[in-house]
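Written below as structure tokens is the structure these notes are about.
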Amino acid sequence: MDADLQDHNKLPDLKLDAKQAQGFLSFFNKLPNDAKAVRFFDRRDYFTAHGENASFIANTYYHTTTVLKQIGNGPDALSSVSVSKNMFETIVRDLLLERTDHSLELYEGSGSNWRLTKRGTPGNINSFEDILFAKNDMQDSPAIVAIIPNFRETGCTVGLGYVDLSKRVLGITEFLDDNHFTNVESALVSLGCKECVLPTEITKSSECKPLYDVMSKCGVMVTERKKAEFKGRDLTQDLGRLIKGSNEPVRDLVSSFEHAPMALGALLSYAELLSDENNYGNYTIGWYNLNSYMRLDSAAMRALNVMESKTDANKNFSLFGLMNRTCTAGMGRRLLHMWLKQPLLDVNEINTRLDLVQAFVDDTAFRQDLRQHLKRIHDIERLMRCVEKRRASLLHIVKLYQSSIRIPYIKSAMERYDGQFISLIKERYMDLFDYLTNDDHLNKFIGLVEVSVDLDQLENGEYMISPGYDSQLSDLKNEQESVEQQIHDLHQKTANDLELGIDKLKMDKGTQFGHVFRITKKEEPKVRKKLNTHFIILETRKDGVKFTNTKLKKLGDQYQKVLEEYKSCQKELVARVVNTASTFSEVFDDLAKLLSELDVLLSFADLAASSPTSYTRPDITPSDTGDIILEGSRHPCVEAQDWVNFIPNDCKLVRGKSWFQIITGPNMGGKSTFIRQIGVNILMAQVGSFVPCDKATISIRDCIFARVGAGDCQLRGVSTFMQEMLETASILKGATDKSLIIIDELGRGTSTYDGFGLTWAICEHLVEVIKAPTLFATHFHELTALADENSGQPSGIANYHVSAHIDSSSRKLTMLYKVEAGACDQSFGIHVAEFANFPESVVSLAREKAAELEDFTPVSIVSNEAEQEAGRKRKKPSEPDDMAIGAPRARKFLKDFSELPLDKMDLKQALQEVKRLKKELRDDVGNCKWLQQFI
Ligand SMILES: Nc1ncnc2c1ncn2[C@@H]1O[C@H](COP(=O)(O)OP(=O)(O)OP(=O)(O)O)[C@@H](O)[C@H]1O
């Protein structure tokens, strides 16, 4: 955004005289305090902000306080900043779409008389939509949630209501939650919530602290409202006005919850839904079932790179960026956004999507044909919202028309398809298209537009009602043409009278004088006499002499009058057309749903078919049967990076055998990539997409939990190892044997021995109690001994490692990125340092030191049997002996060493650092005999 900002940096002048300033100050000082509100004042060609808002804008967007100016004098002076229109738009976009910590208010007026005309929050962007999406498509439709937690001995019951203002959908639900609010978190993720309304009173309760943590993890703005606003008393009645159709089911739905109606009640009043009559009868409501989609927590969304982020180097960094090949304007991409947050759990539903994708993959011509047509489909959903709010112009109507006349072409393309999914295509799309386009629906709308809109004028960029549509308009048009003809005749006659060619006597039409004659100054002397006697000279300027006579004046006034009447008649008729178009809202909503679904499925097919290594259709089994077998699987986003030659890997999560996998191996060896790619593949499959594998069988997962180590914790300001462990323990509460757990480097950076013990305990619990398939990438090599705990009995735990090759003569390390069975029993810290081109002198010193820790010197990669044998010989760390206690500390020494920024140090500094590390190791040795031998 910075480059953008520099462009906008030219500050408009803040032009207020003393009186205006005084008037403004008296208004401004009366505004209620609202720490979150950023208030802008529209001063026609620029905007201003004041007080703390001014400082915020100066610091955040101009990065300097020199832009601040003062209004008024002495103690009443108010610091102010002025921003151009462009800069204002940039700030609006940032505040409402990127940040989630402010609301935005826009005031219009002058002197001391100002009025709030627009208010927006990250969850309610409606009033700023024109600014936000003037140049680009609307990416996502944010939801506002209201929550009321009720603490009981058995846990916390959460009442939740939500509203999607752009889709006009309300939802209600109630559920039990744990003290980490795991369920709330997945609801917020799945609903794409940007703002949450909470009762003010709960801020004080310590039990609610985790709820606030969840909000910040999910990037949700918290808006507090008095508990008194959380009331469900008149809810059914209020909903009766908003919801389409009969009130009966609404009453049944609301009465089935105890707390949720209060949350929904608070939401209706916060979003002021009842104060806009356009909302009446236009909303739908449903029970939001937490268990109808795969649940994803915010860590999983990040670990799997599901959504785009500002730091992405290219669009393929995120799953959304990679998978978004949608063609329609905005609709497909918004649906994809939603689908990625709501992977399916039902085998049949998933298979239906997969069948459709397969139909499009198998028949390239069919796919391309449909995509060509979809490229011409406008954002029907948004257009229709404008129509419903009566904010639409003929441009909106014409765009709806242009989209509607495409449908028969899409239908014909489908009629040509003769593949194996012919009946599905017919049932899912063609029958519905037939119904939607019939004479009662779209054809009727098409007919309306064809008679009402002057389609011939579109080529000239004019959007007009055709004169034939209305007799009054047609009369006015005739009258206008007749006056035009009379003006033309008079023009001709006057040219003759003045003995000037028609090309010498111009006819001008301006705002100041209306119709006037004009001649050049050169011509003027020739006709001066006549001008003075028969005409009225209006103006003599460089471009000539303008003059008129009573006849022209009369005709000009007549023309102006007819034109005004014509325009106002046009306006009335446009409003009538828009009104009629709004009665088609259900048809267009259904059409939008069909087209956006088609768009996303075609986008999946396009990705599957056009990737350099093609994707495959996964076999889906219910969550309680089958295994998860991915052969030749890849990480779609890593694979799509130009500089990566991706090595595919197999992953076989087999119940009772390898349902819990411990992945070890050198840093940079591909552990994280591997475990995340399994999560990504499963998520893609449950969204209905083909997967980047040679062959895939997936037992449906109802939830993906991810903990991605220190990096993730730092983001949230959680620094200690204990907290990381506690957080992981929350997975233990939420996960079941139907979930997937991905844990990456738990306990990274710990210097306590507890870390290892806890990690071990967590793993045992996951295996024995939770029984969830788990991929556990770790640097605690001792964990691999878990697999041998009940030797002889299959424990369900399997060791895998990412392989690397060390050349025995040159000692060079090459990452092979191949995941192989068995544990990797060595640390490659020094090799990795070498791999990263550390200075040779430093690397050799490291080797010397590492050699002193004999037991840890690499022994070259061992064969699987040998390795398993080695594992068997290990002692169980749950009976800690000297080595088990000392090993993590010794590894930390090597790890700290390999992480030193040696490339930025000279040899002296490097030696000092090594000395320091060695001293720390010595200090930590304590009674550990095993460690003492190295000192
Ligand atoms: N299968 C693969 N094929 C090709 N390149 C890969 C593969 N897996 C990983 N890589 C590359 O290796 C880099 C490091 O991988 P990754 O971060 O997964 O390693 P890691 O073992 O988790 O490292 P660390 O332990 O340091 O966190 C990736 O950024 C990617 O470029």
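What follows is calculated from the coordinates using simple rules that are stated; it is not laboratory data. Only a predicted model underlies this, so the values are computations on that prediction, with no experimental measurement involved. Neighbour counts are summed over all protein chains in view; Cβ atoms, including those assigned to glycine, are modelled from backbone coordinates with ideal geometry.
Bins of 10 Å, beginning at zero and ending with the bin holding the largest distance: percent of Cα pairs per bin for the range 2-120, please.
Reading the bins upward from 0: 13, 50, 32, 5.
Among the DSSP beta bridges whose two residues both lie in the chain, what percent are antiparallel, rounded to the nearest 5?
60
At a Förster radius of 25 Å, what calculated FRET efficiency corresponds to the Cβ-Cβ distance of residue 256 and residue 154, to the nearest 0.05?
Computed FRET efficiency for residue 256 and residue 154: 0.80.
Before anything else, pin down the relative contact order of the range 469-565: Cα pairs under 8 Å, at least 6 apart, normalised by residue count, whole percent.
Answer for the range 469-565 is 28 percent.
Going highest first, how would you order 318-327, 139-148, 343-352 by mean Cβ packing within 10 Å?
Final packing ranking: 139-148, 318-327, 343-352.
Calculate the spin-label point distance for residue 922 paired with residue 389, positioning each point 7 Å from the Cα along the beta-carbon direction, and give it in nanometres.
In this crude label model, residue 389 to residue 922 measures out at 7.1 nm.
Extension gain residue 809-residue 241, at 0.36 nm per residue separation less the Cα-Cα distance, in nm?
196.4 nm
Sum up the charges of everything whose Cβ sits under 13 Å from the Cβ of residue 266, counting Lys and Arg as +1 and Asp and Glu as -1, but leave residue 266 out.
The answer is -2.
Tell me the Kirkwood hydrodynamic radius of the chain in angstroms, computed as one over the mean inverse distance between distinct C-alpha pairs.
That comes to 33.0 Å for the chain.
Output needed: percent of Cα pairs per 10 Å distance bin for the range 469-565, bins running from 0 to the one holding the longest distance.
All Cα pairs, binned at 10 Å, distribute as 15, 47, 26, 10, 3, 0 percent.
Looking at the range 589-666, which chymotrypsin sites (Phe, Trp or Tyr not before Pro) are DSSP coil and have at most 10 other C-beta atoms within 10 Å of their C-beta?
The qualifying sites are 643.
Students often forget the sequence filter, so: which lysines lie under 16 Å Cα-Cα from residue 892 once same-chain residues fewer than 8 apart are removed?
849, 915, 918, 919
So which GluC sites (Glu not before Pro) in the range 92-177 pass both tests, a DSSP loop state and at most 14 other Cβ atoms within 10 Å of the Cβ?
Those that pass, being in a loop and sparsely packed, are 153.
Taking R0 as 22 Å, what FRET efficiency do you get between residue 462 and residue 508 from their Cβ-Cβ distance, rounded to the nearest 0.05?
About 0.50, to the nearest 0.05.
Please report how far the C-alpha centroid of the range 185-243 lies from that of the range 675-703, rounded to the nearest whole angstrom.
About 33 Å separates the Cα centre of the range 185-243 from the one of the range 675-703.
Pop a pseudo-label 7 angstrom from the Cα along the beta-carbon direction at both residue 486 and residue 609 and give the gap in nm to one decimal.
About 6.5 nm separates the two model spin labels.
From the helices alone, meaning DSSP H stretches of at least four residues, give me the mean residue ellipticity at 222 nm for the chain, per-run term -39500 (n - 2.57), in deg cm²/dmol to the nearest 500.
-13000 deg cm²/dmol
Please report 911, 160 as a ranked list, fewest other C-beta atoms within 10 angstrom at the top and most at the bottom.
Ranked by crowding around the Cβ, least crowded first: 911, 160.
Tally Lys/Arg at +1 and Asp/Glu at -1 over every other residue whose Cβ is under 13 Å from the Cβ of residue 466; what's the total?
-4
Contour minus end-to-end for residue 60 and residue 575, with contour as 0.36 nm per residue of separation and end-to-end as the Cα-Cα distance?
181.2 nm
Could you tell me what % of all Cα pairs in the range 602-690 have separations over 21 Å?
Everything past 21 Å amounts to 34 percent.
Which of the helices in the chain meet the span-like rule: DSSP H, Cα axial reach of 30 Å or more, Kyte-Doolittle mean at least 0.0?
TM-like helix candidates: 585-610.
Which length gain, in nm to one decimal place, applies between residue 644 and residue 52 when the Cα-Cα distance is subtracted from 0.36 nm times their residue separation?
Net length gain for the segment: 208.3 nm.
With viscosity set to 0.890 mPa s and temperature to 25 °C, compute the Stokes-Einstein D of the range 251-363, Rh being the Kirkwood radius across alpha carbon pairs; µm²/s, no decimals.
Value of D from the Cα-based Kirkwood radius: 138 µm²/s.
Could you please state, rounded to a whole Å, how far the C-alpha centre of the range 509-583 is from the C-alpha centre of the range 322-345?
Here the two parts' Cα centres lie 54 Å apart.
Taking the Cβ-Cβ separation of residue 200 and residue 567 as r and a Förster radius of 35 Å, what is the calculated FRET efficiency to the nearest 0.05?
0.10
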